[in-house]
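Heads up, the thing below is written out as structure tokens.
The values are calculated or read from the model by the stated rules, or taken from the named source; none is laboratory data. Just so it is clear, the structure is predicted and the values come from calculations on it, not from any experiment. Cβ sites come from the backbone with ideal geometry, for glycine too, and all protein chains shown count toward neighbours. SASA here: full protein model, heavy atoms, side chains in, ligands and nucleic acids out. Shrake-Rupley method; radii C 1.70, N 1.55, O 1.52, S 1.80 Å.
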Amino acid sequence: SLQLLDASRNRLAALPEALGQLGSLVELTLAENCLSAVPASTGSLRRLKDLDLRGNPLEGLPAGLLTDTPLQHLQLDERLLAKDGSLREDVEGREAYAARRKARIDKELHGKATGGDVNFSS
């Protein structure tokens, strides 16, 4: 089943709603296209962790993409970002995405601080 899809630099102006049927998709790269929107069906991508949308004239994101997926890495252009680099306040679902991202980072930092899976016994 398809886990990685790279459709970057294809001058895509739209994506089909059927994109949401790619249930095994983990990484989606759509950089450098002409997309002004992402289909609402992307909220159905239950395994999606990495999404690259840089270089598209996006006007927004579907809330389900940020609330209903396990998305951890989202790459966007400045038009949807606040000055501090976080998602703009008017982007629906940003709180859920930010909380999930913070939990992942906290877990990674805790693992590094406690030695993670390193076994120092001889």
Report task. Taking H placed 1.01 Å from N in the peptide plane, check which residues at least 5 places from L12 or on another chain put their amide H under 5 Å from its amide H. Result -> C34
Query raised in the report: Rolling a 1.4 angstrom probe over the protein heavy atoms, how many square angstrom per residue are accessible across region 2-46?
Result: 55 Å²
Requested in this report: Using the Karplus curve 6.51 cos²θ - 1.76 cosθ + 1.60 with θ = phi - 60°, work out ³J(HN,Hα) for each residue of region 26-31 in order, rounded to whole Hz, and write x for Gly and Pro.
Outcome: 10, 10, 10, 10, 10, 5
Query raised in the report: Spin-label point model (7 Å from Cα, Cβ direction): what's the N10 to Q75 distance in nm?
Result: 1.7 nm
Report task. Evaluate the Kirkwood expression for the hydrodynamic radius of the chain, namely the inverse of the mean inverse distance over all pairs of different C-alpha atoms, and round to one decimal in Å. Result -> 15.5 Å
Report summary line: By the mean-Cβ-within-10 Å protection proxy, highest first, 37-43, 1-7 rank as 37-43, 1-7
Requested in this report: Compare the peptides 58-68, 76-86 by average per-residue count of other Cβ atoms within 10 angstrom and give them in order, highest first.
Outcome: 58-68, 76-86
Report summary line: In nm², the average projected area of the convex hull spanned by the Cα atoms of region 1-73 is 4.0 nm²
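For Cα pairs less than 8 Å apart in space and 6+ apart in sequence, what is the mean separation divided by the residue count of the chain, i.e. the relative contact order in percent?
Relative contact order, the chain: 18 percent.
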Report task. Quick one: divide the alpha-carbon radius of gyration of region 36-76 by 2.2 N^0.38 Å and tell me what you get. Result -> 1.06
Query raised in the report: What residues have an amide H closer than 5 Å to that of L81, excluding those fewer than 5 places away on the same chain, when H is modeled at 1.01 Å from N in the peptide plane?
Result: R88
